[in-house]
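Scroll down for the structure; my scribbles are underneath it.
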Amino acid sequence: MNPRRCRILRDGPSGSGPILYWMHREFRASDNWGLTHARLLGLKSHQPVGVVFCLAESYLDATVRHFDFLFRGLEGTSRSIQNSGLRFFVLHGSPGLEVARLARQCGAGAIVMDFDPLRIKRKWVEDLLLSCQIPVHEVDSRNIVPCWITSERREFAARTIRPKIRRLLPEFLEEFPRLPAPRPWAESSTPPDFSRLLTSVKADTTVGPVAWITPGESAGQAVLKNFLSTRLPHYLLRNDPNQDVCSHLSAHLHFGMVSAQRILLELQEQSMQGEQVDSFVEELLVRRELADNFCAYTPDYDAESGFPVWARETLHAHRHDPRPVLHSSEELEHARTLDPLWNAAQTQMVRTGKMHGYLRMYWAKKILEWTPDVHEALRIAIRLNDRYSLDGRDSNGYTGIAWSMGGVHDRGWTERPVFGKIRYMNLQGARRKFDVDRFVRTWSACRKSDPTLPQDA
Ligand SMILES: Cc1cc2nc3c(=O)[nH]c(=O)nc-3n(C[C@H](O)[C@H](O)[C@H](O)COP(=O)(O)OP(=O)(O)OC[C@H]3O[C@@H](n4cnc5c(N)ncnc54)[C@H](O)[C@@H]3O)c2cc1C
């Protein structure tokens, strides 16, 4: 394993106790560099390895929909981990403090943890570092090229990060090693009961689980296999929301149940090439790693202050422009706007936990247009995305919303009311791209057949 994947947060010789891997972003047993690093440390020090999951009291706007997906996925993952001779711990409470407490209890020699640039996770790391004195290593297993290696600063746009990633890719696109069995733990453990955990979690139960997608590592591999053989050949049609050609991998990628590196290795292994493959790799590699770069180097990634200066200025200059219509957050949440396309997109997200990628841009820009100011627009868009999208609460979401409303990674366009120089989208433009009425019909029919959804006029 390339040692540059790992960042030492607290140095020192590994103590004599077991190695703990704190899994908080990459919920998978396979293709996981954090787990690989912990196992290598365990082999080097002849110590057993334990994997820790800690359930926080609350997590951003996560609902039962998200916890259900996570826990059902963790069932298989914890089983694979235990079958390979590692121990799996489930903790509850304030994650940094609880992991430190476990480390003290079992006399751990070192802690390895996932990298995540979101503020809530940086606070967990801070708590951990203040509460224990053993070495702490952070491993970036989400990005193929570790975020801190690609760039030490916030990148301007896809065109500035792309050559950096491309240059470093040969160094980091390596196969995951097969490792010998670790030293066993002295005591055996009982398998965690995730269905009980789901009933105890304090989360909004009004946003329920979805059935069209199955969580977990093997289900994620099945989605990938199916995408490569049936949808990737048509991926160039991806901006048409009526075509089912996208990968549908974002939920598994968000929960770390599938590794982006494995996807790229699979494309290589199957010698897949062509414009559609390049286009998919651009999203999976460049856009995705750009999003983590934005959140890592922009602590206020979810606020107007995180926008580039030109965008803040233009939005400020247009802050008193009359809006064509104002919609309350309830009207937006219940898809009761005057725009049938927007309502259909919102219904798709509420109903399935996923909105089509092209429509996400349109959806966010319309929220900017229909709310009193950008601060309120951001608040509503982030809340709705994090609450209903399975892949929400993710760097991609915060960056996508900042791109749509705040010109992040974009340039200025022709000036117009409300938006200023922020890129504008409208219904006529959407009609030129795809059959809007067909999409609206699909989701109105769906809405009418679902008594749990608000029925609008
Ligand atoms: C307003 C807005 C909100 C968004 N919210 C989220 C979110 O909460 N979570 C999320 O994962 N993505 C988000 N995106 C990015 C993108 O729309 C989704 O990743 C994509 O729709 C997921 O569907 P897919 O896996 O079928 O995509 P595919 O087209 O198959 O793409 C494959 C993978 O590439 C990555 N990707 C694709 N587009 C982007 C992008 N623009 N930026 C970064 N990575 C990308 C994702 O990991 C995706 O799973 C958002 C975009 C916008 C404009």
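The values are calculated or read from the model by the stated rules, or taken from the named source; none is laboratory data. Since this is a predicted model, take the numbers as computed values, not measurements. Virtual Cβ from ideal backbone geometry, glycine too; neighbours counted across all protein chains shown.
For P117, the conditions (1) assigned to a helix (DSSP H, G or I); (2) closer than 30 Å to D302 by Cβ all hold with the exception of (1). All conditions in (1) within 23 Å of G429 (Cα to Cα); (2) acidic (D, E); (3) in contact with a helix residue (DSSP H, G or I) (Cβ under 7 Å, 6 or more places away or on another chain) hold for D292, with the sole exception of (1).
Screening L91, L70, L41 for residues that are modelled with pLDDT of 95 or more and in contact with a helix residue (DSSP H, G or I) (Cβ under 6 Å, 6 or more places away or on another chain) leaves exactly one candidate, L91.
The listed residues are L315, L332, L249, L253, and the only one of them that is surrounded by 17 or more Cβ atoms within 10 Å (Cβ to Cβ), within 16 Å of the ligand (Cβ to nearest atom) and more than 20 Å from the chain's Cα centre (by Cα) turns out to be L332. For region 343-354, the condition holds for at least one residue, the condition being that it is outside any helix (DSSP H, G or I), on the phi < 0 side of the Ramachandran plot, of a type in the set (K, R) and within 15 Å of the ligand (Cβ to nearest atom).
Across region 277-294, the number of residues qualifying as over 15 Å from A260 (Cβ atoms), of a type outside the set (F, W, Y) and within 11 Å of the ligand (Cβ to nearest atom) comes to 1.
Can you pull out the residues in region 7-23 that are at negative phi and either surrounded by fewer than 22 Cβ atoms within 10 Å (Cβ to Cβ) or small (G, A, S) (or both)? The answer is R7, I8, L9, R10, D11, P13, S14, G15, S16, G17. Scanning region 291-312 for residues that are of a type outside the set (S, T, N, Q), more than 16 Å from F115 (Cβ to Cβ) and part of a helix (DSSP H, G or I) yields E304, G306, V309, W310, A311, R312.
Going by the conditions given, is D61 of a type outside the set (S, T, N, Q), in contact (Cβ under 8 Å) with a residue 60 or more places away in the chain and surrounded by 17 or more Cβ atoms within 10 Å (Cβ to Cβ)? In short, yes. Taking residues in region 261-272 that are among the basic types (K, R) and at pLDDT 95 or above, and partners anywhere that are outside any loop (DSSP other than H, G, I, E, B) and surrounded by 12 or more Cβ atoms within 10 Å (Cβ to Cβ), the pairs with Cβ atoms closer than 9 Å and at least 6 places apart or on different chains are R262/Q221; R262/L224.
Go through region 23-66 residue by residue and tally those that are among the acidic types (D, E) and under 11 Å from V112 (Cα atoms).
0
Taking first residues from region 342-358 that are farther than 17 Å from S404 by Cα and partners that are more than 8 Å from the ligand (Cβ to nearest atom) and polar (S, T, N, Q), the Cβ contacts under 6 Å between residues at least 6 apart in sequence or on separate chains come to N343/T337. Please tell me if L74 is assigned to a helix (DSSP H, G or I) and either closer than 30 Å to I213 by Cβ or basic (K, R) (or both). When the stated conditions are applied, L74 passes them.
Results for (1) under 30 Å from R351 (Cα atoms); (2) without any contact (Cβ under 8 Å) to a residue 24 or more places away in the chain; (3) not in a strand (DSSP E or B), shown as yes or no for each residue.
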site	(1), (2), (3)
G12	no, no, yes
Y21	no, no, no
H24	yes, no, yes
A38	no, no, yes
Q47	no, no, yes
G50	no, no, no
R65	yes, no, yes
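Scanning region 256-276 for residues that are buried (at least 21 other Cβ atoms within 10 Å of the Cβ) and within 11 Å of the ligand (Cβ to nearest atom) turns up V258, I263. Sort through W148, W124, W185, W212 and tell me the only one that's assigned to a loop (DSSP other than H, G, I, E, B), of a type in the set (A, V, I, L, M, F, W, C) and within 21 Å of the chain's Cα centre (by Cα). Only one candidate qualifies: W212. When you look at Y424, is it within 15 Å of the ligand (Cβ to nearest atom) and in contact with a helix residue (DSSP H, G or I) (Cβ under 6 Å, 6 or more places away or on another chain), yes or no? Here the answer is no, as Y424 does not meet what is asked. Scanning region 61-74 finds no residues that are more than 20 Å from the chain's Cα centre (by Cα) and not hydrophobic (A, V, I, L, M, F, W, C). Would you tally the residues in region 361-409 being more than 9 Å from the ligand (Cβ to nearest atom), out of contact with any helix residue (DSSP H, G or I) (no Cβ under 6 Å at 6 or more places or on another chain) and farther than 30 Å from T205 by Cβ? Number of matching residues: 3.
In summary, V408 fulfils each of the numbered conditions (1) within 16 Å of L359 (Cα to Cα); (2) surrounded by 20 or more Cβ atoms within 10 Å (Cβ to Cβ) with the single exception of condition (1). Exactly one residue out of E98, E126 is at negative phi and in contact with a strand residue (DSSP E or B) (Cβ under 9 Å, 6 or more places away or on another chain): that is E98.
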